[in-house]
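Peer 1: Structure incoming, see below.
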Amino acid sequence: MKRMVFLMVLSLVLVTTIANAQSLYRDRYERKHAISLGIGPSFIYGDNTGVFNEGDFKWKPALTLAYSNKIHNRIALQLSLGTQWLETGGPERTWAVDAWQDSGGVFTFTGQAFYGDFMPIVYLIPYDTHMNRGRFNAYIGSGIGYVYVSREDRFSFDESAPVLSGTATSFYIPGLIGFSYSIGSLTDLSLEIKGMFSFSDELDGNAGYNQFNDHFVQTHLVLRRLLRNSIK
């Protein structure tokens, strides 16, 4: 009886040791893939969305889902998909009424942008595996993206004015700065600031009133989770 108990305990210890060794092997050599979810406030810079010098843009939520693949101790490739809610902000710019009426520009709108982009991410502090990454890190990224904007437009500051639907699309250059904090062996929490610099002045339905194209600015609190690779 004692011998049987001893053999059972020994078997349990061996199984546990092997399982822990396999887990350690996986954790040490893999976990190069990750998914992340980010949410935070954002705004659109446009002809009718606020006065830049006064900073009176309408902040609305943005949501981004991303997948990344680490290919180097400093570099990861990231694919992001997301949406940003949009709304005109600032005071009624009565001095612009004549110009906007002549050009057929949108006075106010609400809407939503849907976007996707691809970029390499470069880490400030390199690391070989997630097991030896530091508690803190910083990273930057840039690449190429595409955005689709759906709007409900008014061609007057009168809230009872008819509402018409409008859409616009553009390629854009994303610019990303992030600061990460490791909250676990497989999980990071990051603060990201992202600009989406489009090639169009038509995304807000109004063109030519300011000297720049329409751009998006986002701040995200991001939860990133490393994925387990299959056991070889």
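Peer 1: Most exposed first by the Cβ proxy, i.e. fewest other Cβ within 10 Å, how do Val122, Val106, Val51 rank? Write out the running numbers ahead of the final one.
Peer 2: On the way: Val122 16, Val106 24, Val51 13.
Listing Val122, Val106, Val51 from fewest to most nearby Cβ atoms yields Val51, Val122, Val106.
Peer 1: Would you mind working out the magnitude of the charge dipole of region 33-226 relative to its Cα centre, with +1 at each Lys and Arg C-beta and -1 at each Asp and Glu C-beta, to the nearest 20 Debye? Let's see the in-between values first.
Peer 2: Working: 12 positive and 19 negative charges, 275 e Å.
About 1320 debye.
Peer 1: Now for a separate question. Counting other Cβ atoms within 10 Å, keep those with at most 11, restrict to DSSP loop, and tell me which GluC sites (Glu not before Pro) in region 154-229 are left.
Peer 2: Working: sites: Glu159, Glu192, Glu202; in loops: Glu159, Glu202.
Those satisfying the criteria are Glu159.
Peer 1: When Asp47, Asp201 are ordered from fewest to most other Cβ atoms inside 10 Å of their Cβ, what list results?
Peer 2: On the way: Asp47 26, Asp201 19.
In increasing order of surrounding Cβ atoms, one gets Asp201, Asp47.
Peer 1: Stretched out fully, how many nm does the piece from Ser142 to Leu77 gain, at 0.36 nm a residue minus the Cα gap?
Peer 2: Separation in residues times 0.36 nm, less the Cα-Cα distance, equals 22.4 nm.
Peer 1: Just rank Phe216, Phe197, fewest to most, by other beta-carbon atoms within 10 angstrom.
Peer 2: Placing the least packed residue first, the sequence is Phe197, Phe216.
Peer 1: Just to verify a number: FRET efficiency for Ile39 and Ala99, C-beta to C-beta distance, R0 = 35 Å, to 0.05? Write out the running numbers ahead of the final one.
Peer 2: Numbers: r = 37 Å, r/R0 = 1.05.
According to the calculation, E is roughly 0.45.
Peer 1: Could you calculate the FRET efficiency of Thr167 with Asp56 from 1/(1 + (r/R0)^6), where r is the beta carbon distance between them and R0 is 30 Å, rounded to 0.05?
Peer 2: Details: r = 26 Å, r/R0 = 0.86.
So, using R0 = 30 Å, E works out to roughly 0.70.
No value in this document is a laboratory result; all are computed from the given coordinates. Quick caveat: nothing in here was measured; it's all calculated off a predicted structure. Heads up, the Cβs are rebuilt from the backbone with ideal geometry, glycines too, and the neighbour counts pull from every protein chain shown.
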